[in-house]
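*Asks:* Can you read through this structure? Questions will come right after.
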Amino acid sequence: MSGEEAPTQHQQPEQEKKPNEPPPAASDAPQESESSPAAEEKPISWRALVLTGHGGYDKMKLQVKTESKPQLKAGEVLLRVKASGLNFAELLGRQGLYDMLPNPPVTMGMEGSGVVEAVGEDVKDRKVGDRVIALSRSGMWQEVVVVSADHTFPMPEHMSFEEGAALPINYLTAYLMLFDVANVRPGKSVLIHMAAGGVGIAATQLCQTVQDVTVFGTASASKHETIAQGGVTHPIDYRTKDYVQEILKISPTGVDIVLDPLGGLDTQKGFNLLKPLGMLIVFGAANCMTGQKKNLLALAKTWYNQLSLSTLKLMQANKGISGFHLGNLIDEQLVSRTMYELLELYKQGKIKLRIDSCYHFEEIVDAMKRMHERQNIGKVILLSEPKKEEEKPKTNAEPGENVEKTESVITEEEEAAEEVNAETD
Ligand SMILES: NC(=O)c1ccc[n+]([C@@H]2O[C@H](COP(=O)([O-])OP(=O)(O)OC[C@H]3O[C@@H](n4cnc5c(N)ncnc54)[C@H](OP(=O)(O)O)[C@@H]3O)[C@@H](O)[C@H]2O)c1
(Lines give C-alpha, C1' and ligand atoms only; values in the text may rest on other atoms or scores of the structure.)
Protein backbone atom coordinates (compact mmCIF):
# COMPACT_ATOMS: atom_id res chain seq x y z
CA MET A 1 0.00 0.00 0.00
CA SER A 2 1.54 3.29 -1.01
CA GLY A 3 0.55 6.83 -1.87
CA GLU A 4 1.02 6.12 -5.61
CA GLU A 5 -2.02 3.88 -5.52
CA ALA A 6 -4.33 6.81 -4.84
CA PRO A 7 -7.03 7.09 -7.48
CA THR A 8 -7.92 10.37 -9.08
CA GLN A 9 -10.73 12.28 -7.44
CA HIS A 10 -14.15 10.67 -7.60
CA GLN A 11 -12.79 7.73 -9.56
CA GLN A 12 -14.89 4.66 -8.89
CA PRO A 13 -13.15 2.00 -6.82
CA GLU A 14 -11.45 -0.82 -8.70
CA GLN A 15 -13.30 -4.05 -9.20
CA GLU A 16 -13.98 -5.37 -5.75
CA LYS A 17 -11.21 -7.56 -4.44
CA LYS A 18 -11.69 -10.12 -1.74
CA PRO A 19 -12.70 -8.13 1.32
CA ASN A 20 -10.55 -8.52 4.35
CA GLU A 21 -11.66 -8.86 7.91
CA PRO A 22 -12.58 -5.61 9.66
CA PRO A 23 -9.62 -3.88 11.27
CA PRO A 24 -8.99 -5.16 14.77
CA ALA A 25 -8.81 -2.82 17.72
CA ALA A 26 -5.38 -1.43 18.45
CA SER A 27 -3.90 -3.59 21.15
CA ASP A 28 -2.90 -2.17 24.45
CA ALA A 29 0.76 -1.80 23.90
CA PRO A 30 2.34 -4.82 25.60
CA GLN A 31 1.77 -8.43 24.63
CA GLU A 32 4.28 -10.10 26.83
CA SER A 33 6.01 -13.22 25.62
CA GLU A 34 7.80 -14.94 28.51
CA SER A 35 10.15 -16.92 26.33
CA SER A 36 11.32 -13.95 24.27
CA PRO A 37 14.46 -12.06 25.24
CA ALA A 38 12.49 -8.81 25.01
CA ALA A 39 10.44 -9.92 28.00
CA GLU A 40 13.49 -9.15 30.10
CA GLU A 41 13.66 -5.63 28.69
CA LYS A 42 12.95 -2.72 30.95
CA PRO A 43 9.21 -2.19 31.28
CA ILE A 44 7.68 0.89 29.75
CA SER A 45 5.02 3.15 31.23
CA TRP A 46 2.34 4.93 29.29
CA ARG A 47 -0.87 6.77 29.96
CA ALA A 48 -4.18 5.44 28.72
CA LEU A 49 -7.71 6.75 28.97
CA VAL A 50 -9.89 3.90 30.12
CA LEU A 51 -13.67 3.63 29.99
CA THR A 52 -14.31 1.71 33.20
CA GLY A 53 -18.05 1.16 32.76
CA HIS A 54 -21.03 2.56 30.90
CA GLY A 55 -22.48 5.82 32.17
CA GLY A 56 -21.51 9.44 32.75
CA TYR A 57 -18.23 11.31 32.69
CA ASP A 58 -17.07 9.61 35.89
CA LYS A 59 -16.52 6.41 33.92
CA MET A 60 -13.52 7.96 32.15
CA LYS A 61 -10.26 7.31 34.01
CA LEU A 62 -6.72 8.20 33.13
CA GLN A 63 -4.47 5.28 34.03
CA VAL A 64 -0.74 4.82 33.95
CA LYS A 65 0.19 1.35 32.77
CA THR A 66 3.61 -0.17 33.30
CA GLU A 67 4.37 -3.33 31.41
CA SER A 68 7.13 -4.90 29.37
CA LYS A 69 7.80 -3.58 25.90
CA PRO A 70 5.47 -5.05 23.30
CA GLN A 71 6.50 -7.86 21.01
CA LEU A 72 5.31 -6.91 17.56
CA LYS A 73 3.81 -9.54 15.31
CA ALA A 74 4.52 -9.56 11.60
CA GLY A 75 2.87 -6.60 9.88
CA GLU A 76 2.48 -4.54 13.05
CA VAL A 77 3.97 -1.24 14.11
CA LEU A 78 4.34 0.37 17.51
CA LEU A 79 3.03 3.90 17.43
CA ARG A 80 3.77 6.76 19.82
CA VAL A 81 0.42 8.56 19.65
CA LYS A 82 0.58 12.36 19.61
CA ALA A 83 -3.05 13.26 18.93
CA SER A 84 -6.34 11.41 18.59
CA GLY A 85 -9.86 12.32 17.56
CA LEU A 86 -13.02 12.49 19.67
CA ASN A 87 -16.05 11.26 17.79
CA PHE A 88 -19.75 11.25 18.55
CA ALA A 89 -19.48 7.45 18.63
CA GLU A 90 -17.38 7.68 21.78
CA LEU A 91 -20.06 9.72 23.55
CA LEU A 92 -22.46 6.95 22.61
CA GLY A 93 -19.85 4.34 23.57
CA ARG A 94 -19.51 5.79 27.06
CA GLN A 95 -23.28 5.45 27.50
CA GLY A 96 -23.20 1.84 26.25
CA LEU A 97 -24.92 2.74 22.99
CA TYR A 98 -22.16 1.86 20.53
CA ASP A 99 -22.20 -1.85 19.90
CA MET A 100 -18.89 -1.99 18.01
CA LEU A 101 -16.97 -1.07 21.17
CA PRO A 102 -15.70 -3.96 23.33
CA ASN A 103 -17.08 -4.07 26.87
CA PRO A 104 -15.37 -1.95 29.53
CA PRO A 105 -12.73 -1.70 30.72
CA VAL A 106 -11.65 -0.51 27.33
CA THR A 107 -9.61 2.28 25.80
CA MET A 108 -11.65 4.06 23.16
CA GLY A 109 -10.36 6.04 20.17
CA MET A 110 -10.73 5.13 16.52
CA GLU A 111 -8.22 7.49 14.92
CA GLY A 112 -4.95 9.12 15.78
CA SER A 113 -1.61 10.33 14.55
CA GLY A 114 1.90 9.85 15.82
CA VAL A 115 5.38 8.55 15.19
CA VAL A 116 6.37 4.96 14.41
CA GLU A 117 8.57 3.72 17.22
CA ALA A 118 9.16 0.11 16.11
CA VAL A 119 8.18 -2.10 13.20
CA GLY A 120 7.47 -5.84 13.13
CA GLU A 121 8.64 -8.32 10.52
CA ASP A 122 7.36 -7.94 6.97
CA VAL A 123 6.63 -4.24 7.37
CA LYS A 124 8.11 -2.78 4.23
CA ASP A 125 6.63 0.65 3.75
CA ARG A 126 6.85 2.04 7.29
CA LYS A 127 9.99 2.75 9.26
CA VAL A 128 10.94 4.03 12.68
CA GLY A 129 10.42 7.80 12.81
CA ASP A 130 7.65 7.95 10.20
CA ARG A 131 4.81 10.33 10.98
CA VAL A 132 1.57 8.48 10.33
CA ILE A 133 -2.19 8.63 10.71
CA ALA A 134 -3.68 5.46 12.18
CA LEU A 135 -7.15 3.95 12.12
CA SER A 136 -8.46 1.43 14.58
CA ARG A 137 -11.70 0.08 15.96
CA SER A 138 -10.70 1.33 19.43
CA GLY A 139 -7.58 1.88 21.51
CA MET A 140 -6.15 5.11 20.13
CA TRP A 141 -6.61 7.13 23.34
CA GLN A 142 -3.30 6.10 24.84
CA GLU A 143 0.30 7.13 24.43
CA VAL A 144 1.47 3.94 22.75
CA VAL A 145 -0.44 1.42 20.68
CA VAL A 146 0.27 -1.50 18.44
CA VAL A 147 -1.55 -1.26 15.11
CA SER A 148 -1.40 -3.07 11.82
CA ALA A 149 0.91 -1.21 9.41
CA ASP A 150 -1.88 -1.52 6.81
CA HIS A 151 -4.01 0.77 8.95
CA THR A 152 -1.42 3.55 8.96
CA PHE A 153 -1.02 6.28 6.36
CA PRO A 154 1.97 8.59 5.88
CA MET A 155 1.28 12.17 6.88
CA PRO A 156 2.00 14.95 4.38
CA GLU A 157 5.03 16.99 5.40
CA HIS A 158 3.20 20.08 6.58
CA MET A 159 0.28 18.36 8.25
CA SER A 160 0.21 18.76 12.04
CA PHE A 161 -0.52 15.81 14.33
CA GLU A 162 -3.79 17.50 15.31
CA GLU A 163 -4.82 17.72 11.65
CA GLY A 164 -3.77 14.12 11.07
CA ALA A 165 -6.00 12.93 13.90
CA ALA A 166 -8.92 15.04 12.63
CA LEU A 167 -9.04 13.56 9.17
CA PRO A 168 -9.90 9.85 9.02
CA ILE A 169 -13.34 9.19 10.51
CA ASN A 170 -15.07 12.43 9.54
CA TYR A 171 -13.71 12.63 6.01
CA LEU A 172 -13.92 8.93 5.17
CA THR A 173 -17.55 8.95 6.29
CA ALA A 174 -18.42 12.09 4.34
CA TYR A 175 -16.49 11.07 1.22
CA LEU A 176 -17.86 7.54 0.97
CA MET A 177 -21.43 8.70 1.53
CA LEU A 178 -21.28 11.56 -0.96
CA PHE A 179 -19.28 9.95 -3.74
CA ASP A 180 -19.66 6.20 -3.38
CA VAL A 181 -23.24 5.97 -2.13
CA ALA A 182 -25.05 9.14 -3.29
CA ASN A 183 -22.88 9.87 -6.33
CA VAL A 184 -23.17 13.64 -5.91
CA ARG A 185 -22.85 15.46 -9.23
CA PRO A 186 -22.76 19.08 -10.44
CA GLY A 187 -25.95 21.05 -9.81
CA LYS A 188 -27.29 18.77 -7.05
CA SER A 189 -28.51 19.85 -3.61
CA VAL A 190 -27.57 18.26 -0.30
CA LEU A 191 -29.05 18.56 3.19
CA ILE A 192 -26.30 18.23 5.80
CA HIS A 193 -27.44 17.96 9.43
CA MET A 194 -24.99 18.75 12.26
CA ALA A 195 -23.30 20.91 9.63
CA ALA A 196 -20.92 22.54 12.11
CA GLY A 197 -19.72 19.21 13.49
CA GLY A 198 -16.85 17.04 12.34
CA VAL A 199 -18.65 15.07 9.63
CA GLY A 200 -20.76 18.11 8.70
CA ILE A 201 -17.77 20.31 7.94
CA ALA A 202 -16.06 17.48 6.06
CA ALA A 203 -19.18 16.89 3.94
CA THR A 204 -19.54 20.60 3.20
CA GLN A 205 -15.92 20.86 2.04
CA LEU A 206 -16.25 17.79 -0.14
CA CYS A 207 -19.41 19.21 -1.74
CA GLN A 208 -17.29 22.21 -2.71
CA THR A 209 -15.12 19.95 -4.86
CA VAL A 210 -18.12 19.45 -7.19
CA GLN A 211 -19.48 22.30 -9.28
CA ASP A 212 -22.65 24.13 -8.23
CA VAL A 213 -23.70 21.94 -5.35
CA THR A 214 -26.20 23.68 -3.06
CA VAL A 215 -25.74 22.84 0.61
CA PHE A 216 -28.51 23.23 3.18
CA GLY A 217 -26.92 22.91 6.62
CA THR A 218 -28.62 22.69 10.00
CA ALA A 219 -26.73 24.00 13.02
CA SER A 220 -27.15 26.24 16.08
CA ALA A 221 -27.48 29.89 15.03
CA SER A 222 -24.18 30.95 16.63
CA LYS A 223 -22.33 28.70 14.16
CA HIS A 224 -23.97 30.00 10.98
CA GLU A 225 -21.39 32.58 10.03
CA THR A 226 -18.61 30.00 10.21
CA ILE A 227 -20.43 27.32 8.25
CA ALA A 228 -21.53 29.83 5.61
CA GLN A 229 -17.88 30.83 5.15
CA GLY A 230 -17.07 27.13 4.91
CA GLY A 231 -19.48 26.57 2.02
CA VAL A 232 -22.97 26.01 3.44
CA THR A 233 -25.25 27.86 1.01
CA HIS A 234 -28.26 28.00 3.34
CA PRO A 235 -27.55 27.64 7.09
CA ILE A 236 -30.71 26.80 9.04
CA ASP A 237 -31.22 27.12 12.78
CA TYR A 238 -33.02 23.86 13.52
CA ARG A 239 -33.50 24.90 17.13
CA THR A 240 -35.84 27.81 16.43
CA LYS A 241 -37.15 27.05 12.94
CA ASP A 242 -38.79 24.18 11.14
CA TYR A 243 -35.97 23.19 8.80
CA VAL A 244 -38.35 21.40 6.41
CA GLN A 245 -40.35 24.59 5.85
CA GLU A 246 -37.17 26.65 5.51
CA ILE A 247 -35.84 24.32 2.80
CA LEU A 248 -39.15 24.20 0.93
CA LYS A 249 -39.31 28.00 0.91
CA ILE A 250 -36.02 28.05 -0.98
CA SER A 251 -36.43 24.86 -2.99
CA PRO A 252 -40.10 23.87 -3.28
CA THR A 253 -39.22 20.51 -4.84
CA GLY A 254 -36.86 19.55 -2.01
CA VAL A 255 -33.29 18.25 -2.20
CA ASP A 256 -31.40 15.52 -4.04
CA ILE A 257 -29.42 14.09 -1.14
CA VAL A 258 -30.07 13.98 2.61
CA LEU A 259 -27.31 12.92 5.00
CA ASP A 260 -29.12 11.85 8.16
CA PRO A 261 -27.09 11.39 11.37
CA LEU A 262 -30.13 12.02 13.61
CA GLY A 263 -32.63 9.19 13.19
CA GLY A 264 -36.25 9.00 14.36
CA LEU A 265 -38.60 11.69 13.08
CA ASP A 266 -35.79 13.41 11.18
CA THR A 267 -35.38 10.36 8.95
CA GLN A 268 -39.06 10.61 8.01
CA LYS A 269 -38.67 14.34 7.32
CA GLY A 270 -35.56 13.66 5.23
CA PHE A 271 -37.35 11.08 3.12
CA ASN A 272 -40.26 13.46 2.48
CA LEU A 273 -37.81 16.20 1.46
CA LEU A 274 -36.25 14.12 -1.31
CA LYS A 275 -36.77 15.07 -4.93
CA PRO A 276 -37.59 12.26 -7.35
CA LEU A 277 -34.52 10.00 -7.71
CA GLY A 278 -33.16 11.51 -4.51
CA MET A 279 -31.16 9.55 -1.95
CA LEU A 280 -31.41 9.54 1.85
CA ILE A 281 -28.42 8.13 3.71
CA VAL A 282 -28.95 7.15 7.34
CA PHE A 283 -25.66 7.12 9.23
CA GLY A 284 -26.35 7.95 12.86
CA ALA A 285 -28.92 8.27 15.61
CA ALA A 286 -27.84 11.39 17.51
CA ASN A 287 -31.44 11.94 18.61
CA CYS A 288 -30.92 9.04 21.01
CA MET A 289 -28.57 11.14 23.09
CA THR A 290 -29.86 13.98 25.20
CA GLY A 291 -27.57 14.12 28.23
CA GLN A 292 -24.43 12.58 29.64
CA LYS A 293 -26.20 9.37 30.67
CA LYS A 294 -28.33 6.97 28.68
CA ASN A 295 -31.86 8.36 28.26
CA LEU A 296 -34.32 5.52 27.76
CA LEU A 297 -37.12 7.86 26.78
CA ALA A 298 -35.06 9.43 23.97
CA LEU A 299 -34.01 5.95 22.83
CA ALA A 300 -37.61 4.73 22.76
CA LYS A 301 -38.82 7.86 20.96
CA THR A 302 -36.14 7.60 18.28
CA TRP A 303 -36.82 3.90 17.83
CA TYR A 304 -40.61 4.38 17.71
CA ASN A 305 -40.37 7.17 15.11
CA GLN A 306 -38.01 5.29 12.81
CA LEU A 307 -38.91 5.45 9.15
CA SER A 308 -40.58 2.24 8.17
CA LEU A 309 -41.85 1.65 4.66
CA SER A 310 -42.11 -1.06 2.06
CA THR A 311 -39.84 -1.40 -0.95
CA LEU A 312 -42.98 -0.96 -3.05
CA LYS A 313 -43.34 2.53 -1.57
CA LEU A 314 -39.75 3.27 -2.62
CA MET A 315 -40.54 2.25 -6.17
CA GLN A 316 -43.68 4.35 -6.25
CA ALA A 317 -41.89 7.35 -4.75
CA ASN A 318 -38.82 7.10 -7.01
CA LYS A 319 -36.60 7.58 -3.98
CA GLY A 320 -33.70 5.70 -2.51
CA ILE A 321 -32.59 5.01 1.06
CA SER A 322 -29.19 3.75 2.04
CA GLY A 323 -27.36 3.12 5.29
CA PHE A 324 -23.71 3.85 6.01
CA HIS A 325 -21.54 2.64 8.87
CA LEU A 326 -17.78 3.03 8.52
CA GLY A 327 -17.13 0.62 11.39
CA ASN A 328 -19.00 -2.12 9.55
CA LEU A 329 -17.31 -1.50 6.24
CA ILE A 330 -15.11 -4.52 5.78
CA ASP A 331 -13.59 -3.52 2.45
CA GLU A 332 -10.19 -2.40 3.67
CA GLN A 333 -8.95 -1.66 0.19
CA LEU A 334 -11.76 0.81 -0.40
CA VAL A 335 -11.06 2.53 2.92
CA SER A 336 -7.35 2.64 2.19
CA ARG A 337 -7.81 4.03 -1.33
CA THR A 338 -10.17 6.66 0.00
CA MET A 339 -7.67 7.69 2.68
CA TYR A 340 -5.03 8.28 0.00
CA GLU A 341 -7.54 10.23 -2.07
CA LEU A 342 -8.33 12.40 0.96
CA LEU A 343 -4.64 13.00 1.64
CA GLU A 344 -4.28 14.08 -1.98
CA LEU A 345 -7.19 16.52 -1.58
CA TYR A 346 -5.51 17.85 1.56
CA LYS A 347 -2.24 18.41 -0.32
CA GLN A 348 -4.16 20.26 -3.04
CA GLY A 349 -5.75 22.50 -0.38
CA LYS A 350 -9.24 21.27 -1.24
CA ILE A 351 -9.92 20.09 2.26
CA LYS A 352 -8.89 22.16 5.27
CA LEU A 353 -9.08 20.46 8.62
CA ARG A 354 -10.94 22.59 11.09
CA ILE A 355 -9.83 21.90 14.64
CA ASP A 356 -12.35 23.18 17.15
CA SER A 357 -10.29 22.57 20.28
CA CYS A 358 -7.53 20.43 21.77
CA TYR A 359 -7.59 18.81 25.19
CA HIS A 360 -4.96 16.80 27.03
CA PHE A 361 -5.94 13.32 28.21
CA GLU A 362 -6.51 14.63 31.73
CA GLU A 363 -9.13 16.99 30.30
CA ILE A 364 -11.24 14.28 28.64
CA VAL A 365 -14.34 15.33 30.56
CA ASP A 366 -14.06 18.90 29.23
CA ALA A 367 -13.54 17.51 25.72
CA MET A 368 -16.62 15.31 25.96
CA LYS A 369 -18.66 18.15 27.47
CA ARG A 370 -17.71 20.37 24.56
CA MET A 371 -19.32 17.95 22.13
CA HIS A 372 -22.20 16.91 24.41
CA GLU A 373 -23.12 20.51 25.04
CA ARG A 374 -23.04 21.31 21.32
CA GLN A 375 -20.28 23.90 21.54
CA ASN A 376 -17.87 22.54 18.96
CA ILE A 377 -17.42 23.83 15.43
CA GLY A 378 -15.23 21.19 13.81
CA LYS A 379 -13.11 18.54 15.40
CA VAL A 380 -12.33 18.01 19.07
CA ILE A 381 -8.81 16.62 19.49
CA LEU A 382 -7.15 14.80 22.39
CA LEU A 383 -3.44 15.30 23.04
CA SER A 384 -1.45 12.48 24.60
CA GLU A 385 1.24 14.74 26.03
CA PRO A 386 0.64 15.47 29.74
CA LYS A 387 -0.63 18.91 30.48
CA LYS A 388 2.08 21.10 31.95
CA GLU A 389 1.99 21.13 35.75
CA GLU A 390 1.13 24.82 36.08
CA GLU A 391 -1.75 24.45 33.60
CA LYS A 392 -3.31 21.50 35.40
CA PRO A 393 -6.92 21.94 36.49
CA LYS A 394 -7.62 21.53 40.16
CA THR A 395 -8.19 17.93 41.14
CA ASN A 396 -8.37 16.09 44.43
CA ALA A 397 -5.39 13.92 43.50
CA GLU A 398 -2.32 14.09 45.71
CA PRO A 399 0.97 14.97 43.98
CA GLY A 400 2.62 11.90 42.47
CA GLU A 401 -0.50 9.86 43.06
CA ASN A 402 -0.90 8.91 39.43
CA VAL A 403 2.06 6.56 39.15
CA GLU A 404 0.86 2.96 38.81
CA LYS A 405 -2.57 4.11 39.90
CA THR A 406 -5.75 5.12 38.28
CA GLU A 407 -6.22 8.85 38.08
CA SER A 408 -9.79 10.01 37.92
CA VAL A 409 -10.19 12.85 35.49
CA ILE A 410 -13.31 14.16 37.12
CA THR A 411 -13.31 15.88 40.47
CA GLU A 412 -15.80 15.01 43.17
CA GLU A 413 -17.45 18.45 42.90
CA GLU A 414 -17.87 18.02 39.15
CA GLU A 415 -19.23 14.53 39.62
CA ALA A 416 -21.87 15.77 42.06
CA ALA A 417 -22.80 18.62 39.70
CA GLU A 418 -23.05 16.26 36.77
CA GLU A 419 -25.34 13.91 38.68
CA VAL A 420 -27.69 16.83 39.26
CA ASN A 421 -27.49 17.89 35.61
CA ALA A 422 -28.10 14.36 34.39
CA GLU A 423 -31.27 14.12 36.42
CA THR A 424 -32.58 17.31 34.91
CA ASP A 425 -31.66 16.36 31.30
N1 LIG B 1 -22.08 5.82 10.39
C2 LIG B 1 -20.83 6.22 10.46
O3 LIG B 1 -19.93 5.57 9.94
C4 LIG B 1 -20.52 7.50 11.17
C5 LIG B 1 -19.19 7.97 11.26
C6 LIG B 1 -18.93 9.19 11.91
C7 LIG B 1 -19.99 9.90 12.48
N8 LIG B 1 -21.25 9.40 12.40
C9 LIG B 1 -22.39 10.15 12.97
O10 LIG B 1 -22.32 11.48 12.48
C11 LIG B 1 -22.83 12.36 13.44
C12 LIG B 1 -21.81 13.47 13.67
O13 LIG B 1 -20.67 12.91 14.32
P14 LIG B 1 -19.38 13.80 14.66
O15 LIG B 1 -18.42 12.87 15.32
O16 LIG B 1 -18.99 14.57 13.47
O17 LIG B 1 -19.92 14.76 15.79
P18 LIG B 1 -20.20 16.34 15.73
O19 LIG B 1 -21.02 16.63 14.53
O20 LIG B 1 -18.96 17.09 15.94
O21 LIG B 1 -21.20 16.44 16.97
C22 LIG B 1 -21.43 17.51 17.74
C23 LIG B 1 -22.37 18.55 17.12
O24 LIG B 1 -23.58 17.96 16.66
C25 LIG B 1 -24.73 18.78 16.95
N26 LIG B 1 -25.71 17.93 17.65
C27 LIG B 1 -26.91 17.55 17.16
N28 LIG B 1 -27.51 16.74 17.98
C29 LIG B 1 -26.71 16.57 19.06
C30 LIG B 1 -26.82 15.85 20.28
N31 LIG B 1 -27.86 15.09 20.57
N32 LIG B 1 -25.81 15.94 21.18
C33 LIG B 1 -24.73 16.69 20.92
N34 LIG B 1 -24.57 17.39 19.76
C35 LIG B 1 -25.56 17.33 18.85
C36 LIG B 1 -24.20 19.93 17.75
O37 LIG B 1 -24.10 21.04 16.86
P38 LIG B 1 -25.27 22.11 16.74
O39 LIG B 1 -25.09 23.07 17.87
O40 LIG B 1 -25.09 22.75 15.43
O41 LIG B 1 -26.53 21.33 16.85
C42 LIG B 1 -22.80 19.53 18.19
O43 LIG B 1 -21.91 20.60 18.29
C44 LIG B 1 -23.19 11.52 14.66
O45 LIG B 1 -24.56 11.15 14.61
C46 LIG B 1 -22.34 10.28 14.47
O47 LIG B 1 -22.86 9.15 15.14
C48 LIG B 1 -21.53 8.22 11.76
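The values are calculated or read from the model by the stated rules, or taken from the named source; none is laboratory data. Not measured: the values here are computed from a predicted model. Positions of Cβ are backbone-derived with ideal geometry, glycine not excepted, and every protein chain shown enters the neighbour counts.
*Asks:* Looking for something under 28 Å from residue 180 (Cα atoms), more than 13 Å from the ligand (Cβ to nearest atom), buried (at least 23 other Cβ atoms within 10 Å of the Cβ) and within 22 Å of the chain's Cα centre (by Cα) - is there at least one such residue anywhere in region 230-240?
*Replies:* no
*Asks:* Which of (1) in contact (Cβ under 8 Å) with a residue 60 or more places away in the chain; (2) more than 9 Å from the ligand (Cβ to nearest atom) is the odd one out, the single condition residue 259 does not satisfy?
*Replies:* All conditions are met except number (2).
*Asks:* Report yes if residue 269 is touching a helix residue (DSSP H, G or I) at 6+ places or on another chain (Cβ under 7 Å) and among the basic types (Lys, Arg), otherwise no.
*Replies:* yes
*Asks:* Which one is nearest to the chain's Cα centre (by Cα) among residues in region 190-228 that are near the ligand (Cβ under 8 Å from one of its atoms) and part of a loop (DSSP other than H, G, I, E, B)?
*Replies:* It comes out as 197.
*Asks:* Still on this structure, I have one more. Among helices (runs of 4 or more DSSP H) lying entirely in region 248-321, which contain 1 or more residues that are under 29 Å from the mean Cα position of the chain (by Cα) and over 15 Å from residue 189 (Cα atoms)?
*Replies:* 265-273, 296-304
*Asks:* How do the pairs read when you match residues in region 176-204 that are over 16 Å from residue 277 (Cα atoms) and not assigned by the TED database to the domain that holds residue 87 with residues anywhere that are more than 8 Å from the ligand (Cβ to nearest atom) and among the basic types (Lys, Arg), using Cβ under 6 Å and keeping only pairs 6 or more apart or on different chains?
*Replies:* Between residues of region 176-204 that are over 16 Å from residue 277 (Cα atoms) and not assigned by the TED database to the domain that holds residue 87 and residues that are more than 8 Å from the ligand (Cβ to nearest atom) and among the basic types (Lys, Arg), the close pairs are 201/354.
*Asks:* Tell me, please, whether a residue that is near the ligand (Cβ under 9 Å from one of its atoms) and out of contact with any Ser or Thr (no Cβ under 6 Å at 6 or more places or on another chain) can be found in region 348-366.
*Replies:* Yes, because at least one residue in region 348-366 is near the ligand (Cβ under 9 Å from one of its atoms) and out of contact with any Ser or Thr (no Cβ under 6 Å at 6 or more places or on another chain).
*Asks:* Only residues that are away from the ligand (no atom under 15 Å from the Cβ) and surrounded by 17 or more Cβ atoms within 10 Å (Cβ to Cβ): list them for region 314-331, please.
*Replies:* Within region 314-331, 319 is the sole residue that qualifies.
*Asks:* Being surrounded by fewer than 20 Cβ atoms within 10 Å (Cβ to Cβ) and not in a loop (DSSP other than H, G, I, E, B) is true for just one of 83, 118. Which residue is that?
*Replies:* None of the others qualify; the one that does is 118.
Rundown of residues vs (1) over 21 Å from residue 181 (Cα atoms); (2) in contact with a strand residue (DSSP E or B) (Cβ under 7 Å, 6 or more places away or on another chain); (3) modelled with pLDDT under 95, yes/no style:
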residue	(1), (2), (3)
323	no, yes, no
326	no, no, no
342	no, no, no
363	yes, no, no
388	yes, no, yes
414	yes, no, yes
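*Asks:* Further question on the same structure: Among the residues in region 91-110, are any in contact with a Gly (Cβ under 7 Å, 6 or more places away or on another chain), β-branched (Val, Ile, Thr), part of a loop (DSSP other than H, G, I, E, B) and under 30 Å from residue 286 (Cβ atoms)?
*Replies:* Yes, some residue in region 91-110 is in contact with a Gly (Cβ under 7 Å, 6 or more places away or on another chain), β-branched (Val, Ile, Thr), part of a loop (DSSP other than H, G, I, E, B) and under 30 Å from residue 286 (Cβ atoms).
*Asks:* Of the residues 230, 164, 139, which is in contact (Cβ under 8 Å) with a residue 40 or more places away in the chain and on the phi > 0 side of the Ramachandran plot?
*Replies:* 139
*Asks:* Which residues, counting only those in region 133-148, are in a strand (DSSP E or B) and in contact with a helix residue (DSSP H, G or I) (Cβ under 8 Å, 6 or more places away or on another chain)?
*Replies:* 133, 134, 135
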